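**Student:** This is the structure I want to talk about, given as structure tokens.
The values are calculated or read from the model by the stated rules, or taken from the named source; none is laboratory data. Quick caveat: nothing in here was measured; it's all calculated off a predicted structure. Every residue, glycine among them, receives a Cβ derived from its backbone with ideal geometry; neighbour counts consider all protein chains shown. Surface areas here come from the heavy atoms of the whole protein model, side chains and all, with no ligands, DNA or RNA. Shrake-Rupley method; radii C 1.70, N 1.55, O 1.52, S 1.80 Å.
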Amino acid sequence: MFGRGGDRRLALVYRGPAATDGCPEAVAEALARSRWDLDVRFVGPKERLALEPAVLASAVLYAQPGGGELKKAWRKLRKQAPAVQEYVAGGGRYLGFCLGGYLAGETPGFGLLPGDADQFVSSPGAWPTHTDDAVATVVWDGRRRQVFFQDGAWFDLDPTRGPAEVLATYENGLPAAVVAPFGAGAVGVVGPHPEATPDWFTDVGLPVPADLRADLTQDLVDRVMRIGQVTPTR
């Protein structure tokens, strides 16, 4: 499905030790289904493409999928942080899902947000309050939706540091999905996993939400791509 090349726009998805098995593939599938005619390739230490400035410079989008513990992931990625930050500042686009959302923050992270990312389950009024796999409710563009959740982030925005658009909130009102400019580029982050497919739920004994669709991920992709006026192909 991926890597057909030609005149299509290159989108990179990290796959490596800072990601959890299945997360990069789910993000790649979602990007391949988008309206943006993306040539989706994996990038990482054991992939044909390395996460380095020359490779990033050829892409319209870089996606950081879900993974494990933040500090461990940061140890794997901190050497690439300047390249990622320079890529986005120069006009690239960053998508972060769950761990990728944490990594868009700064304690630790790439420092791409006008603010920071923090652990949702520790916030006042949070549900769920545990770090195991769960179904969480978000209000996305005014509609309540159920999504796969595993210790995701909320986004602590500081208006004095720049503009941001909140696409979705958790039930306690904290931002769950955000898009924001960064330099000449754009950042889109989400704490839960809207890219999760039905097997993510059934594999861990969770009910599959009746409203599970791909539209939330596509909305996030669309919002990020539209910052900078990229033209969709369909």
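**Student:** How much of the accessible area of the chain, in percent, comes from carbon and sulfur atoms when a 1.4 Å probe is used?
**Tutor:** 49
**Student:** Let me ask something additional. Using the Kirkwood formula on the Cα atoms of the range 170-215, what hydrodynamic radius do you get, in angstrom to one decimal?
**Tutor:** About 12.9 Å for the range 170-215.
**Student:** Determine the calculated [θ] at 222 nm for the chain from helices alone, applying -39500 (n - 2.57) to every DSSP H run no shorter than 4 residues and normalising by the residue count; nearest 500 deg cm²/dmol.
**Tutor:** My calculation for the chain gives -6000 deg cm²/dmol from helical runs alone.
**Student:** While we're on this one: Take the Cα of Asp211, step 7 Å along the line toward its Cβ, and report every residue of the range 163-180 whose backbone nitrogen sits under 17 Å from that point.
**Tutor:** Only 167-174, 176-177 fall inside the zone, counting backbone N under 17 Å.
**Student:** Using alpha carbons only, how many angstrom separate the centre of the range 177-197 from the centre of the range 25-89?
**Tutor:** Cα centres, the range 177-197 to the range 25-89: 13 Å.
**Student:** Still on this structure, I have one more. Taking the Cα centre of the range 26-87 as origin and charging only Cβ (+1 Lys, Arg; -1 Asp, Glu), how large is the dipole, in debye to the nearest 20?
**Tutor:** Dipole magnitude for the range 26-87 comes out near 360 debye.
**Student:** Let me ask you something else. When only Cα pairs under 8 Å and 6 or more residues apart are kept, what is the percent relative contact order across the chain?
**Tutor:** Relative contact order, the chain: 18 percent.
**Student:** Can I ask one more? Quick one: compute a quarter of the convex hull surface over the Cα atoms of the chain and quote it in nm².
**Tutor:** 11.9
**Student:** At 25 °C and a viscosity of 0.890 mPa s, what translational diffusion coefficient does Stokes-Einstein give for the range 105-198, taking Rh as the Kirkwood radius over Cα pairs? Give it in µm²/s as a whole number.
**Tutor:** 182
**Student:** If you wrap a convex hull around the Cα atoms of the range 62-118, how much volume per residue is inside, in Å³?
**Tutor:** About 68 Å³ per residue, rounded to a whole number.
**Student:** Okay, next question. Using the charge dipole of the chain (Lys, Arg: +1 at Cβ; Asp, Glu: -1 at Cβ; taken about the Cα centre), state which of Ala153, Pro108, Val208 has its Cα farthest towards the positive end.
**Tutor:** The one lying farthest along the dipole's positive direction is Pro108.
**Student:** Name the shape class, rounded, prolate or oblate, that the alpha-carbon gyration tensor gives for the range 132-185, where a ≥ b ≥ c are the square roots of its eigenvalues, rounded holds for a/c under 1.5, and otherwise prolate holds if a/b is larger than b/c and oblate otherwise.
**Tutor:** Prolate shape, in that a/c is at least 1.5 and a/b is the bigger ratio.
**Student:** Moving on. Can you give me the accessible area per residue for the chain, using a 1.4 Å probe, in Å²?
**Tutor:** Ligands and nucleic acids excluded, the result is 45 Å² per residue.
**Student:** Could you tell me whether the range 143-234 comes out rounded, prolate or oblate from its Cα gyration tensor? Rule is a ≥ b ≥ c as square roots of the eigenvalues, rounded for a/c under 1.5, then prolate if a/b exceeds b/c, otherwise oblate.
**Tutor:** oblate
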